[in-house]
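Coordinate-derived values only; no laboratory data. Remember, it's a predicted structure, so these values are computed and weren't measured experimentally. All Cβ positions, glycine included, derive from the backbone under ideal geometry; neighbour counts span all protein chains shown.
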Amino acid sequence: MRVLLVHPSPLLYSELYLRLEPLGLERVAAAVRAAGHEVRLLDLQVFDHAEYLRELAEWQPRAVGFSLNYLANVPEVIDLAKATRAQRPETFVFIGGHSASFIAAELLDHGAGAIDCVVRGEGEVVAPRVLEAIGAGGLERLPGVVTQRGAGPSPTLLENLDRHLPARDLGRRRHRYFLGVLDPCASAELTRGCPWDCSFCSAWTFYGRSYRKSSPEAAAEDLARIREPNVFLVDDVAFIHAEDGFAIGREVERRNIRKQYYLETRCDVLLKNQDVFAYWRKLGLFYMFLGVEALDAEALKRHRKRVSSDANMEALEVARKLGLAVAINIIADPDWDESRFAAVRDWALTVPEIVHLTVATPYPGTETWLTETRELTSHDYRLFDVQHAVLPTRLPLHRFYEQLVQTQAVLNRKHLGWGAISRYGGPLVRALARGQTNYLKMLWKFSSVYNAERQYGDHARPVKYALRPRRLVAGKPTPAQLYVHQPVSARKASA
């Protein structure tokens, strides 16, 4: 069977900082291909809708699967599903991905018959079974599958992360993927899941708070297959267990794999496992993202980070001593006033790290979606991108965006434009020598992307598809209410 897998267009911040390969979709593609199907992958981050419709007409796939990891892409994916149904009524259309897993029923409602099913949970397990069931009936009985006729049992976790290494050969225009100065940049996965339970995050709720690891041999084999000189390790928290990081590192060293790496981790994990990060620094670790999220104890407690502000600052010192380029995120609450923004700006100017802001957003799949008592000011999917305010702002909304952009501009002043040339000139020259211009092109784009008028104006756009209103819960949500992949205890409670 011919199967076309499609990744939607980039979000706002992807216009500036990064464009990442669709790693999850590549892994699903590997599983579908292993089941005997002919697979193509089209990434709308680097192609356009006209090219999608042309591929649909010329290749005539029997099935089209859309990846939906971000709520802001919902309207685009729904419209593409409807266009697919209009152009090829016989084509089977299904949707999967992180965000799709939390809003399956409403996606089917929006689709108005254009979507045959929504796949919840990890696609490698169930996508081949969905394709096998086309025309045979009983789709709604498959684990994780939701149709207009009903929903199957909870989705099944992939037992072995080594089983389906990404089908990177299906990617086209791979030179368009980059992450800051790492240009070009591939992605790789060493572990999956997160054992922590931050209230603003949906990674742990998606995986049922499970945590799985690739074998050192398979992880190194995957890295060895990557042709790009730079790799983003997409793990939610890198090197939770130092021994695993060392084991993979030894395989990387044995195979003489030479890359530059970007990874994400927690401050307390860095403090606990400094040796393994120092070891990976020698292997090529260049960039690190540290999940700081807040500068004060009260906000850290609200986010349930389970780490102190002192530990966060200590971790920044450790990263500096390792010689790493470090990026951190601060969550801006819509309740912030001008003095709070000013305090963050002042702090950001005193540290060498790249300081980025996201806006606190109750997001389906997060605990705050069920417990945040402030009323949503918008149900427009497109605004749920952590760059827009969907909760009431203390400041007038336009003024809030002015303050947000002014604070983000500290990053622009220090790390973009001419400032980046002096700081990251070496990697930039190497990228240009390879014919890579992604990073160079974004250095002076800050004002066109982060713009108070643009972000404020987005609230006035006509809303074609609206997110279903929340149902708040009293007290702490149960695992059955939160998890996509539910542990045995949660399944029993649900029953």
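The table below lists the values:
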read-out	value
Cβ charges +1 (Lys, Arg) and -1 (Asp, Glu), total dipole of region 116-273, debye	380 debye
Positive minus negative residues near residue 399 (Lys, Arg vs Asp, Glu; Cβ under 12 Å)	-2
Spatially proximal lysines relative to residue 272 (Cα-Cα < 17 Å; intrachain offsets below 8 disregarded)	305, 321
Ranked packing of 25-35, 141-151, 180-190, most packed first, by mean Cβ within 10 Å	180-190, 25-35, 141-151
Which of 21, 293 has the fewest Cβ neighbours within 10 Å, and the rest in rising order	293, 21
Lys, Arg +1 and Asp, Glu -1 on Cβ, resulting dipole of region 177-457 about Cα centre, debye, nearest 20	960 debye
Fraction of beta bridges assigned by DSSP in the chain that are antiparallel (%, nearest 5)	20 percent
Sum of -39500 (n - 2.57) over DSSP H runs of 4+, divided by residues of the chain (222 nm, nearest 500)	-11500 deg cm²/dmol
Cβ-based exposure ranking for 7, 415, in which fewest neighbours within 10 Å come first	415, 7
Relative contact order (%) - criterion: Cα under 8 Å, at least six apart; region: the chain	15 percent
Amide N proximity, region 101-128 versus residue 35 label position 7 Å along Cα-to-Cβ, cut-off under 15 Å	116-128
Neighbourhood charge, 11 Å Cβ-Cβ cut-off, centred on residue 357 and excluding it, Lys, Arg +1 and Asp, Glu -1	-1
In sequence order, calculated HN-Hα J values of region 353-367 (Karplus, 6.51, -1.76, 1.60; Hz; x Gly/Pro)	5, 6, 9, 10, 10, 10, 9, 4, 9, x, 10, x, x, 8, 5
Cβ charges +1 (Lys, Arg) and -1 (Asp, Glu), total dipole of region 246-359, debye	860 debye
Sequence of 48, 162 once ranked by neighbouring C-beta atoms within 10 Å, starting from the fewest	48, 162
Among the listed pairs 213/464; 259/441; 82/445; 301/464, those beyond 32 Å (Cα-Cα)	213/464; 82/445; 301/464
